[in-house]
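Visitor: I am attaching a structure below and will ask some questions about it afterwards.
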Amino acid sequence: MDIPWQSIKPDAASVTPLYIQMARKLATAILGGTWSIGEALPSERMLADALGVSRITSRKAMALLAEQGLIRRARGAGTFIAPRIGDPLSNPLTLTAMKPRHGGTCGAHWLSRAMRAAHGDEMVQLGLSPDARVAHIQRLQVADGIVMALESSTFPATVVPDPHAIGDSPYAFLLQRGTPVVRALQRFCAVNASPQIAMQMDLAPGTALLRSVRIGYTAEQRAIELTHMYCRSDFYDLVAEVCHQPVTNEI
């Protein structure tokens, strides 16, 4: 296989960390068809040698690709290109949605909207440089006067230059700007409310919550949204729709 190593090699002179550069360029190569779905990738050591980076850089880049769902790791077998959803999503919540269990009408109550420097996790998940700025918004999802969820979202400043311009829907705002989110990776876990989150949601500290972490991507596979959402498990149901595209063999 003719692998375009030169186009994947990180630029040591760039201010963007090498592992983020490497992950971005490998993602571009994967989505461009350099490797087929199910095909094995070179080992971390082979990638490090071919690209002139350290094993640590290679390992961190592969971890990012795994978080983005582009690769899957099989212990003792290697790393493989993961299957992908064939059709873009007009709204990522159509794939995995949080539905109010009691039928109340949801509304949003803004807590904060501000521009600030990107934090470490945001730089990694959104592929930002150390000096990048982001738009950060926080709001409560409320139904019938009851706080059901706390939503905290971050967007690159190049995508959302003014967080106060966002209306009821960040996705509608992104669509109007020509940078819609068409694919999202969403992970869930059970957590206990920290004192700060409990205060914002008017709950007792330690209350059981369902935490969702969502990364939204454009059609060019650029990560432009990082959202943390904390939901009351007694007010929300998780609804997931899994679609399979049948494979047809044409002769």
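The values are calculated or read from the model by the stated rules, or taken from the named source; none is laboratory data. Here the structure is a predicted model, which is why all the values come from computation and not from measurement. Quick reminder, even Gly has a Cβ in these numbers, built from the backbone with ideal geometry, and neighbours come from all protein chains shown.
Visitor: I'd like the full set of residues that are among the aliphatic types (A, V, I, L, M), at pLDDT 90 or above and either under 16 Å from the mean Cα position of the chain (by Cα) or part of a helix (DSSP H, G or I) (or both), limited to segment 25-60.
Guide: Matches in segment 25-60: M46, L47, A48, A50, L51, I56.
Visitor: Modelled with pLDDT under 75 and either in a loop (DSSP other than H, G, I, E, B) or out of contact with any Ser or Thr (no Cβ under 8 Å at 6 or more places or on another chain) (or both), is that true of G86?
Guide: Details: modelled with pLDDT under 75: yes; either in a loop (DSSP other than H, G, I, E, B) or out of contact with any Ser or Thr (no Cβ under 8 Å at 6 or more places or on another chain) (or both): yes.
For G86, the condition - modelled with pLDDT under 75 and either in a loop (DSSP other than H, G, I, E, B) or out of contact with any Ser or Thr (no Cβ under 8 Å at 6 or more places or on another chain) (or both) - is met.
Visitor: Looking at segment 141-156 only, could you name the residues that are surrounded by fewer than 17 Cβ atoms within 10 Å (Cβ to Cβ) and farther than 24 Å from V191 by Cα?
Guide: D144
Visitor: Read through the list (1) at pLDDT 90 or above; (2) out of contact with any strand residue (DSSP E or B) (no Cβ under 8 Å at 6 or more places or on another chain), then give the number of the only condition that S169 fails.
Guide: Every condition holds for S169 apart from (1).
Visitor: To continue, here is another question. Tally up the residues in segment 217-229 that are buried (at least 18 other Cβ atoms within 10 Å of the Cβ) and in contact with a helix residue (DSSP H, G or I) (Cβ under 6 Å, 6 or more places away or on another chain), please.
Guide: 2
Visitor: Ok, one more. In segment 172-221, what count of residues is obtained for those that are assigned to a helix (DSSP H, G or I) and either modelled with pLDDT of 90 or more or basic (K, R) (or both)?
Guide: Of segment 172-221, the ones assigned to a helix (DSSP H, G or I) are 172-176, 195-201.
Then drop every residue that is not either modelled with pLDDT of 90 or more or basic (K, R) (or both), which leaves 173-174, 195-201.
Here the count works out to 9.
Visitor: Looking at (1) exposed (fewer than 15 other Cβ atoms within 10 Å of the Cβ); (2) touching a residue at least 12 places away in the same chain (Cβ under 8 Å); (3) under 17 Å from G127 (Cβ atoms), which is the only condition D11 fails?
Guide: Looking at each condition in turn, D11 falls short on (2).
Visitor: When segment 5-24 is examined, which residues are found to be out of contact with any Lys or Arg (no Cβ under 6 Å at 6 or more places or on another chain) and part of a helix (DSSP H, G or I)? Lay out the reasoning, then the answer.
Guide: Filtering segment 5-24 for residues out of contact with any Lys or Arg (no Cβ under 6 Å at 6 or more places or on another chain) gives 5-7, 9-18, 20-24.
Listed by number, the residues that qualify are W5, Q6, S7, L18, I20, Q21, M22, A23, R24.
Visitor: Sort out which residues of segment 107-157 are part of a helix (DSSP H, G or I) and either touching a Pro at 6+ places or on another chain (Cβ under 8 Å) or of a type outside the set (D, E, K, R) (or both), and write them in order of number.
Guide: Correct list: G120, M123, V124, Q125, L126.
Each row is one residue, and each column tells you yes or no for (1) over 22 Å from R211 (Cβ atoms); (2) among the aromatic types (F, W, Y); (3) more than 19 Å from the chain's Cα centre (by Cα).
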{"site": "L111", "(1), (2), (3)": "no, no, yes"}
{"site": "M115", "(1), (2), (3)": "yes, no, yes"}
{"site": "H119", "(1), (2), (3)": "no, no, no"}
{"site": "L126", "(1), (2), (3)": "no, no, no"}
{"site": "R133", "(1), (2), (3)": "yes, no, no"}
{"site": "Q138", "(1), (2), (3)": "no, no, no"}
{"site": "A143", "(1), (2), (3)": "no, no, yes"}
{"site": "I146", "(1), (2), (3)": "no, no, yes"}
{"site": "L150", "(1), (2), (3)": "no, no, no"}
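Visitor: Being surrounded by 17 or more Cβ atoms within 10 Å (Cβ to Cβ), of a type in the set (F, W, Y) and out of contact with any strand residue (DSSP E or B) (no Cβ under 6 Å at 6 or more places or on another chain), is that true of even one residue in segment 173-194?
Guide: yes
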